[in-house]
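The values are calculated or read from the model by the stated rules, or taken from the named source; none is laboratory data. Just so you know, these numbers come straight off a predicted model, no measurement behind them. Positions of Cβ are backbone-derived with ideal geometry, glycine not excepted, and every protein chain shown enters the neighbour counts. Areas reflect the complete protein model, heavy atoms only, side chains present, ligands, DNA and RNA absent. Shrake-Rupley method; radii C 1.70, N 1.55, O 1.52, S 1.80 Å.
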Amino acid sequence: MPDQACKNCRFIVMQGNVCPVCGSNQLTPRWSGYVVILDAEKSQLAKKLSIKVDGTYAMSISD
Ligand SMILES: [Zn+2]
């Protein structure tokens, strides 16, 4: 089964059916590209994508 991405915050959820970042259960396997955020507080990219928690995020969700 492919990893699923959260439709709400785009976090890639590797285990379970609930996003550990925002608590949403709206997950989809239809996403493409990903970005790894290692320091959400300092990353310009994280700011741009409104990401506040370190992790791996889908670049786009096609659902
Ligand atoms: Zn989420």
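Worth a mention:
- Solvent exposure of the chain as accessible area per residue, Å², 1.4 Å probe: 68 Å²
- Percent accessible area from carbon and sulfur atoms, the chain, protein chains only, probe 1.4 Å: 51 percent
- In a simple Cβ point-charge model (Lys, Arg +1; Asp, Glu -1; nothing else charged), segment 4-61 has a dipole of about 200 debye relative to its Cα centre.
- Spin-label proximity, Met14 to segment 35-63 - amide N less than 15 Å from point 7 Å beyond Cα toward beta carbon: 35-38, 54-58
- Summary value for the chain: 36 percent relative contact order, contacts being C-alpha pairs under 8 angstrom separated by 6+ residues.
- Between amide H atoms placed 1.01 Å from N, distances below 5 Å from Gln4 occur with Val13, all of them 5 or more places distant or on a separate chain.
- Approximate shape of the chain as ellipsoid semi-axes (Cα gyration tensor, √5λ), whole Å, largest first: 19, 12, 10
- In this simple spin-label approximation, Ser43 and Ser62 carry label points 7 Å from Cα along the Cα→Cβ vector, and these lie 2.3 nm apart.
- Charge context of Ile61, other residues only, Cβ under 9 angstrom, K/R +1, D/E -1: +2
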